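The values are calculated or read from the model by the stated rules, or taken from the named source; none is laboratory data. Computed from a predicted model, the values in this text were never measured in an experiment. Backbone-built Cβ (ideal geometry, glycine too); neighbour counts: all protein chains shown. Ligands, DNA and RNA are stripped out before the accessible areas are found, and what is left, the full protein with its side chains, is counted by its heavy atoms. Shrake-Rupley method; radii C 1.70, N 1.55, O 1.52, S 1.80 Å.
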Amino acid sequence: MRIFFSLTLNTARDIMRQPVIIILLTVCIATIGMLPVIAVFTLGQEERIVRDGALASCFLYGLFLVVASSIASLSRQVRDGTAGMVLAKPVSRELFFAATYCGIALVCFLFTAAGGMAALLAVRMALAGIHTDWLVGGMLAAAFLLAFAAAGAANYRGYNFCSALFKTLLLCLLAALIIASFFGLDGQLVAFGTLMRWRLVPSAFLVFGALAALSAIALAFSARLVPAVVFFCCCLVFILGMISEYLLVNLAGGGPLAGICAAALPDWQCFWVDEAFEKSGALGPGYFLRAGGYAVLYISGALTLGMLLFRNADA
């Protein structure tokens, strides 16, 4: 187990050092932070627009982060010969593949956590309606800028800038969220978390489940395919998964073959929760258990296929 955890942490560190990863994270947070300004023109729908936009941003940028992470881990290690050196030691290919996936999943979890905290702050900004709560907005902006300053100071001391910025963004966003939870719409102190929309937290976990499933698919493709083809295949799987019900049921007319194809394609809709579904009261622990069970089963199948492909691959 010590080797497994060591490989997992090393994979996560290598991914966080990649500039494209931190670019995706910062752009995602900046996009979420600008949503309350855009939502002031929606006249009464500010909270819903910001909430759905924030979750969609995490999902969209997470798609690119998953592919970039798989390329920065397995494909890069095979190309550079790092995988060959690790596998030359008493480390099985299955252990190396599983640890690589866990490292990618850890980065996805931290990415979703950062996006979720930014979403909570953005929704809190929009609660004032057409008058954006700039006190909370200032906290979000300050956390963003302070993270860059801290990462720059860490880089001056010899640490990797991208990795340091990834970590400081998480810490600064957490600090901003805790402080903002004590303020009301008029700037007065209130009980902790009174105005925070904590129901975004389980929705963020569903987004993480979708990214974790997509990570397993991307890693399975990376076992045999070049990075450009991996990106194309992941985008294709994502699009087909979004419209699988329409293609296989409405157009193909259903049937056993259509059912098999529908089961093979990921059902991304089960990880997305809209406002009507939340108000219906159906979003309870049972739903999250079913969605989590579906994610675990799909991840297990994708990883099994990936291990079979990686078993005889050149490394």
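Data table
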{"item": "All helices (runs of 4 or more DSSP H) inside the range 21-127 with 1 or more residues being closer than 20 Å to LEU206 by Cβ and in contact (Cβ under 8 Å) with a residue 40 or more places away in the chain", "result": "46-70, 93-126"}
{"item": "Flag for THR194 being within 30 Å of ALA153 (Cα to Cα) and β-branched (Val, Ile, Thr)", "result": "no"}
{"item": "Filter result for ARG48 (over 26 Å from THR168 (Cβ atoms) and either in contact with a strand residue (DSSP E or B) (Cβ under 9 Å, 6 or more places away or on another chain) or open to solvent by 40 Å² or more (accessible area, probe 1.4 Å) (or both))", "result": "yes"}
{"item": "Candidates ALA114, ALA105, filtered to the one that is over 25 Å from ILE3 (Cβ atoms), under 14 Å from the mean Cα position of the chain (by Cα) and open to solvent by less than 40 Å² (accessible area, probe 1.4 Å)", "result": "ALA114"}
{"item": "Restricting the range 158-194 to residues that are open to solvent by 20 Å² or more (accessible area, probe 1.4 Å), among the aliphatic types (A, V, I, L, M) and under 26 Å from VAL107 (Cβ atoms), the residue that is nearest to the chain's Cα centre (by Cα)", "result": "LEU170"}
{"item": "Only listed residue being β-branched (Val, Ile, Thr) and open to solvent by 50 Å² or more (accessible area, probe 1.4 Å), chosen from ILE23, ILE71, ILE32", "result": "ILE23"}
{"item": "Any hit, the range 205-227, residues being farther than 30 Å from LEU308 by Cα, touching a residue at least 12 places away in the same chain (Cβ under 8 Å) and assigned to a helix (DSSP H, G or I)", "result": "no"}
{"item": "Every residue from the range 144-175 that is under 19 Å from MET196 (Cα atoms) and modelled with pLDDT under 95", "result": "none"}
